[in-house]
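The values are calculated or read from the model by the stated rules, or taken from the named source; none is laboratory data. Just so it is clear, the structure is predicted and the values come from calculations on it, not from any experiment. Positions of Cβ are backbone-derived with ideal geometry, glycine not excepted, and every protein chain shown enters the neighbour counts. These area figures cover heavy atoms from the full protein model, side chains too; ligands, DNA and RNA do not enter into them. Shrake-Rupley method; radii C 1.70, N 1.55, O 1.52, S 1.80 Å.
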Amino acid sequence: MKVWFYGDLDGINTDMLFPGKYTYTCSTAEEILPHLLEDLDSQFASNVQSGDLIFAGSNFGCGSSREQPVLGLKAVGVEAVVAKSFARIFYRAAVNQGLILIECPKAVEAYKDGSRVEFDPNSGTISVDGSVFTFPTLPPEIIAIRDAGGLLAYTDAVLKRKKD
Amino acid sequence: MGMTFAEKLLARKASLDHVVPGQIVFVEPDYLLSHDNTSAIVGKVVDLLDQYGVANPDRHIIVLDHVVPAASEKHAKGHKVIREYVKKFGIRHFYDVGRGICHQVVLEEGFATPGSLIVGSDSHTCSYGAVGCFATGIDRTEAAALLLTGKTWFKVPSSIKITVTGSLPKHVSAKDFILQIIADLGADGAGYKSVEFHGETHNLSLDDRITIANMGIEMGAKAAVFPVDELAEEYLLQIGVTPDRYDSLWADEDASYERAFHYELNSIQPRIAKPHAVDNGARVDDVAGLKIDQCLLGTCTNGRVRDFHEAAEILKGKHVHPDVRLLLLPASNAILNTLIQDGTLQILIAAGSVLLPTGCGPCLGAHQGALAPGERCLSTSNRNFKGRMGCAESEIYLASPATIAASAVKGCISDPRNIEMEAKQ
Ligand code: SF4
């Protein structure tokens with residue numbers, strides 16, 4: 001597990017996570033992955049591995065409503081994004097894809113190169129080198145969406161129940 | 001305790017008497033907007049759509065605008081998928097290539113009404129706050145689920161109050177004002193919040209309000225809204241929306257706001273946003289003289305008739321600097337038509353500008369007007385993110401139509417108020 005640390009950068013926007021020029025030509029995971037974080041970190045797309053974490057500053061994911069950054073991060077198996085704060089549309093897109101976001105400025109500040117990180121989204125705690133920080137847990141309505149495996153699986157189940 | 005606009009509106013939509021910030025409510029939006037991304041949205045749920053159909057076909061608005069006319073076979077295929085979806089599910093509110101940029105079309109067609117709730121799979125959906133509509137952007141998956149159920153959830157936002165007094169001086173516009181606000185509050189200064197404008201808002205025209213609401217998302221706002229006054233009612237009437245079609249509402253006097261700001265409009269100066277963030281603000285004077293390669297006049301932020309009039313006033317009888325390309329991007333064909341009829345377009349073309357098809361194109365770097373490494377563009381759009389116009393090694397500065405017109409003539413960033421002074425001398 002590797003931590004991709006961008007904790008000193010605020011306002012990492014959707015164009016940095018996935019350039020707008022590809023928005024209408026790339027929608028599948030295979031198409032998205034080569035361009036993930038292209039204008040932010042050219043090493044990311046070729047080296048990221050399942051289980052990796054991203055640490056970032058405030059307002060992560062601001063800008064466009066494009067969903068490719070979330071789809072891409074989920075598809076490569078990024079375990080969670082830990083940031084000082086998230087932009088609203090990005091946050092919602094992550095819930096809808098079942099990508100875990102942790103809003104915890106203190107954890108980002110505590111991180112040093114090589115720190116050991118553990119977290120539990122259900123109890124709302126994250127530890128960095130043994131120091132434990134808390135972050136707000138999600139309301140039950142939203143946990144239901146995440147636990148169903150994302151919004152589409154959740155919607156499918158709701159529609160089925162209605163039909164029966 | 002009274003409620004803010006956002007609280008009142010979400011309470012109404014959720015059929016509740018009272019809501020508080022942080023509460024989750026389930027609502028049925030009045031409309032769902034999507035654009036070229038409709039093909040990707042529909043693609044997610046093809047099977048489910050075949051099984052269950054579209055919940056409310058008459059509530060789905062689709063405008064093809066982002067890459068129009070199609071720039072490649074791939075884009076064309078996406079458009080074709082959308083046209084087929086429209087036919088198959090009987091989507092009445094479909095606007096094909098050339099009608100305009102989605103947000104302008106939603107306003108012109110009278111979908112955005114006071115007191116209503118609109119969601120769109122585009123971040124600048126917040127524009128409709130200009131007519132007292134609670135409007136906000138959502139992701140594609142949320143849009144796909146909405147097609148199937150017609151319902152979604154919202155967290156009731158806390159709110160920021162911005163009180164304005166006075167009116168904007170000549171050659172200073174709503175764009176300068178919103179750039180000032182974003183520089184002050186920061187790119188996440190209104191994160192998750194409803195920004196509600198109070199005070200002498202009647203001194204701002206509807207075009208001004210649209211420009212301001214449009215850029216609400218650039219400070220993270222969930223919605224940015226204006227009260228509905230006589231001016232707004234007149235505007236709505238002009239586009240055929242009679243008062244019986246809406247039930248407007250506004251914040252209570254004793255509503256509770258998280259933060260409050262006051263702006264005296266007379267003291268606003270021409271502003272600019274430097275690369276690569278919208279809150280990287282400066283006065284135009286601070287960066288005057290910087291050479292530019294391209295200017296983009298238009299987009300959903302500043303592509304309306306008044307914006308082109310302001311530019312034409314400065315460009316009349318002059319010529320764009322030989323080192324500069326000035327691109328015109330009117331926000332709709334209705335606007336373009338007015339500009340043709342009233343002679344504005346003739347002035348702008350005679351001055352050496354290039355007319356692009358009504359749509360988004362260069363604004364998101366997807367179609368035409370791309371930049372080369374090392375080039376600098378001055379744009380009336382709403383975002384100057386790195387790489388936004390197709391090249392990560394180029395620079396985008398954001399400014400008002402008047403600043404762009406003055407700068408296009410000079411070949412460098414210029415204060416529009418100086419052009420006027422020079423003309424007098
Ligand atoms: S003009 Fe630009 S900001 Fe507006 S909808 Fe189109 S791409 Fe988005």
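At-a-glance table
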quantity	calculated
Any hit, segment B:397-410, residues being open to solvent by 20 Å² or more (accessible area, probe 1.4 Å), in a loop (DSSP other than H, G, I, E, B) and more than 16 Å from the ligand (Cβ to nearest atom)	no
Those residues of segment A:72-90 which are facing chain B (nearest Cβ under 10 Å) and buried (at least 24 other Cβ atoms within 10 Å of the Cβ), in sequence order	A:Phe86, A:Ala87, A:Arg88, A:Ile89, A:Phe90
Single residue of B:Lys155, B:Lys87, B:Lys151 found to be free of Cβ contacts under 8 Å to residues at least 12 places away in the same chain and either aliphatic (A, V, I, L, M) or away from the ligand (no atom under 16 Å from the Cβ) (or both)	B:Lys87
Residue tally, condition open to solvent by 20 Å² or more (accessible area, probe 1.4 Å) and in contact with a Lys or Arg (Cβ under 6 Å, 6 or more places away or on another chain), over segment B:334-365	1
Of all residues in segment A:15-32 being within 16 Å of the ligand (Cβ to nearest atom) and within 8 Å of chain B (Cβ to nearest Cβ), the one that is surrounded by the fewest Cβ atoms within 10 Å (Cβ to Cβ)	A:Thr25
Residue within segment B:240-257 that is within 20 Å of B:Gly186 (Cα to Cα) and either buried (at least 18 other Cβ atoms within 10 Å of the Cβ) or of a type in the set (Ser, Thr, Tyr) (or both) present	yes
Some residue of segment B:247-256 being under 22 Å from the mean Cα position of the chain (by Cα) and in the same structural domain as B:Leu327 (by TED's automatic domain parsing)	no
Conditions (1) away from the ligand (no atom under 12 Å from the Cβ); (2) at pLDDT 95 or above: number failed by B:Thr301	(1)
Contacts under 7 angstrom Cβ, first residue in segment B:24-39 being under 28 Å from B:Lys74 (Cα atoms) and within 11 Å of chain A (Cβ to nearest Cβ), partner within 12 Å of the ligand (Cβ to nearest atom) and aromatic (Phe, Trp, Tyr), 6 or more apart	B:Asp36/A:Tyr24
Qualifying positions in segment B:335-361 - within 16 Å of the ligand (Cβ to nearest atom), part of a helix (DSSP H, G or I) and modelled with pLDDT of 95 or more	B:Ile335, B:Leu336
Filtered residues of segment B:91-135 (kept if assigned to a loop (DSSP other than H, G, I, E, B) and among the acidic types (Asp, Glu))	B:Asp96, B:Glu109, B:Asp122
Given (1) within 16 Å of the ligand (Cβ to nearest atom); (2) closer than 16 Å to B:Cys295 by Cβ; (3) of a type in the set (Ser, Thr, Tyr), number of the condition B:Ser332 does not satisfy	(2)
Filtered residues of segment B:282-332 (kept if open to solvent by 60 Å² or more (accessible area, probe 1.4 Å) and touching a strand residue (DSSP E or B) at 6+ places or on another chain (Cβ under 6 Å))	B:Lys291, B:Arg325
Residues that are crowded, with 16+ Cβ neighbours inside 10 Å and either at positive phi or assigned to a strand (DSSP E or B) (or both), drawn from segment B:258-281	B:Tyr263, B:Arg271, B:Ile272, B:Ala273, B:Gly281
Count of segment A:134-159 residues which are open to solvent by less than 40 Å² (accessible area, probe 1.4 Å) and farther than 30 Å from B:Lys44 by Cα	1
Matching option when the condition is assigned to a helix (DSSP H, G or I), within 30 Å of A:Lys160 (Cβ to Cβ) and within 14 Å of chain A (Cβ to nearest Cβ), among B:Val42, B:Val54	B:Val42
Lone unmet requirement of (1) surrounded by fewer than 23 Cβ atoms within 10 Å (Cβ to Cβ); (2) more than 11 Å from every other protein chain (Cβ to nearest Cβ); (3) within 26 Å of B:Ala190 (Cβ to Cβ) for A:Asp39	(2)
Qualifying positions in segment B:42-72 - open to solvent by less than 10 Å² (accessible area, probe 1.4 Å) and either away from the ligand (no atom under 16 Å from the Cβ) or of a type in the set (Phe, Trp, Tyr) (or both)	B:Val45, B:Leu49, B:His60
Residue in segment A:49-72 that is within 16 Å of the ligand (Cβ to nearest atom), at negative phi and part of a helix (DSSP H, G or I) present	yes
Number of positions in segment B:368-396 that are outside any loop (DSSP other than H, G, I, E, B), open to solvent by 40 Å² or more (accessible area, probe 1.4 Å) and away from every other protein chain (no Cβ under 14 Å)	1
Selection count where residues are more than 15 Å from the ligand (Cβ to nearest atom) and more than 19 Å from B:Thr136 (Cβ to Cβ), scope segment B:30-41	2
Residue tally, condition more than 24 Å from A:Ser46 (Cα to Cα) and out of contact with any Leu (no Cβ under 7 Å at 6 or more places or on another chain), over segment A:74-92	6
Any hit, segment B:189-198, residues being in contact (Cβ under 8 Å) with a residue 40 or more places away in the chain, open to solvent by 10 Å² or more (accessible area, probe 1.4 Å), polar (S, T, N, Q) and over 22 Å from B:Asp285 (Cβ atoms)	no
Which numbered condition B:Ala76 misses (of (1) within 14 Å of another protein chain (Cβ to nearest Cβ); (2) open to solvent by less than 10 Å² (accessible area, probe 1.4 Å); (3) small (Gly, Ala, Ser))	(2)
Segment A:108-164, residues that are hydroxyl-bearing (Ser, Thr, Tyr) and not in a loop (DSSP other than H, G, I, E, B)	A:Thr125, A:Ser127, A:Ser131, A:Thr134, A:Tyr154, A:Thr155
